[in-house]
1. Does Ser232 qualify as being in contact with an Asp or Glu (Cβ under 7 Å, 6 or more places away or on another chain) and in contact (Cβ under 8 Å) with a residue 60 or more places away in the chain?
2. So for region 188-204 (the condition being open to solvent by 60 Å² or more (accessible area, probe 1.4 Å), over 21 Å from Gly127 (Cβ atoms), touching a helix residue (DSSP H, G or I) at 6+ places or on another chain (Cβ under 6 Å) and not charged (D, E, K, R)), does at least one residue qualify?
3. Among the numbered criteria (1) part of a loop (DSSP other than H, G, I, E, B); (2) away from the ligand (no atom under 16 Å from the Cβ); (3) open to solvent by 60 Å² or more (accessible area, probe 1.4 Å), which one does Arg282 miss?
4. If I go through region 254-276 residue by residue, how many of them are within 16 Å of the ligand (Cβ to nearest atom) and aromatic (Phe, Trp, Tyr)?
5. From the list Arg268, Arg179, Arg245, exactly one residue is over 20 Å from the mean Cα position of the chain (by Cα) and either assigned by TED's automatic domain parsing to the domain that holds Ile108 or open to solvent by less than 20 Å² (accessible area, probe 1.4 Å) (or both). Which is it?
6. Residue by residue through region 75-93, note down the ones that are open to solvent by less than 30 Å² (accessible area, probe 1.4 Å) and closer than 12 Å to Ala6 by Cβ.
7. Any residue in region 56-63 that is buried (at least 16 other Cβ atoms within 10 Å of the Cβ), within 21 Å of the chain's Cα centre (by Cα), assigned to a strand (DSSP E or B) and touching a residue at least 60 places away in the same chain (Cβ under 8 Å)?
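The values are calculated or read from the model by the stated rules, or taken from the named source; none is laboratory data. Everything quoted here is computed from the prediction, not taken from an experiment. Cβ sites come from the backbone with ideal geometry, for glycine too, and all protein chains shown count toward neighbours. Just the protein is used for accessible areas: all its heavy atoms, side chains included, with ligands, DNA and RNA removed. Shrake-Rupley method; radii C 1.70, N 1.55, O 1.52, S 1.80 Å.
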Amino acid sequence: MDIRNAVIIGSGCSGHTAALYSARANLNPLVIEGHEPGGQLSITTLVENFPGFPEGIQGPELIENMRKQAQRFGAEYMLGHVTSADLSKRPFLLHVGKHQIHTKTLIIASGASARWLGLPHEQQLIGHGVSSCATCDGFFFSGKEVVVIGGGDTAMEEANFLTRFATRVTIIHRRDIFRASKIMLDRARNNPKIAFITDTVVEDVHDVGQKEVTGLTLRNLKTEQAYNFPTSALFLGIGHEPNARIFEGQLEMDPDGYLKTRDYVLTRVPGVFACGDVVDRRYRQAITAAGTGCMAAIESERFLEEHPE
Ligand code: NDP
């Protein structure tokens, strides 16, 4: 049986960083790329908050550079996603399509996927005014009017953040009751640049022809009236889904499905480490994901020193 030293699930920032460190420790890691190779950076445009790039760098280029850097030291990459895992004994067993992979240590860097609204033209305008990350993309809308969707803490936080750049931020929520904590909601309500539209859903975003967001079709759920709403950007603050379902019953999770760790990256199963956005609902930044990816790789290396078999 071929047993790997280290397998990394996920090829976003945390996965590539874990791969780089594991490869430089001569562990010959295998990265299983997952549903969205490159993770969330691969659908971003300009990244201006990753240190080391004074002029910024395109998200796909940054992630490709990380992959090349890990490959230079011997990391292997495999297309596919893990459909099931048995963590009950070592070596751990993973199923990737029809392949079975055995590994002494496992680094879970499977990320979290932003929830999208499922609008007819939403996906085509991602990176052109449709975004799930105000921290990443807010700067591009200086002096513009923008919209944030959602009624939770993320939506309030993103809206407040966006008022640093935008002249006006409109929060559109499908109900008139908010999940957001009172303090976050009050902060948004007291911000003179933020307006609210409630009981309203978005039916579509325009304009694919111009390759930029020019407006939304909204529908008021009480009156059933549909109307156009001009805006330069659509920010989604409707939550994220951690990609950890396959570990249900084997690893500890919080009620929303994020993996629980102690000492940053240790799961309750010795030899299994978790890093990046599948653990982190709080920061969700490329640099923090890279940081915990590095920690997971170092922990896996130490684990292998103590448990060579
Ligand atoms: P939440 O699940 O709390 O809120 C999601 C919001 O999006 C809800 O208002 C929901 O509406 C709305 N929504 C979901 N799906 C759709 C849809 N298809 N169409 C329209 N609206 C939709 O997610 P958050 O990301 O806001 O927060 C997640 C967790 O992270 C929370 O525990 C939060 O407290 C925490 N957090 C804390 C922060 C802080 O303390 N600084 C910052 C950000 C998050 P509805 O209410 O109708 O279901």
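1. Values: in contact with an Asp or Glu (Cβ under 7 Å, 6 or more places away or on another chain): yes; in contact (Cβ under 8 Å) with a residue 60 or more places away in the chain: yes.
Against the criterion (in contact with an Asp or Glu (Cβ under 7 Å, 6 or more places away or on another chain) and in contact (Cβ under 8 Å) with a residue 60 or more places away in the chain), Ser232 qualifies.
2. For region 188-204, residues open to solvent by 60 Å² or more (accessible area, probe 1.4 Å), over 21 Å from Gly127 (Cβ atoms), touching a helix residue (DSSP H, G or I) at 6+ places or on another chain (Cβ under 6 Å) and not charged (D, E, K, R): absent.
3. Only one criterion is unmet by Arg282, namely (2).
4. 1
5. After applying the criteria, what remains is Arg268.
6. Correct list: Ala75, Phe92.
7. no
To keep it simple, each residue is scored yes or no on (1) under 19 Å from Phe229 (Cα atoms); (2) not small (Gly, Ala, Ser).
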residue	(1), (2)
Phe139	no, yes
Arg174	yes, yes
Lys182	no, yes
Arg187	no, yes
Asn191	no, yes
Ala195	yes, no
Glu203	yes, yes
Asp207	yes, yes
Lys211	yes, yes
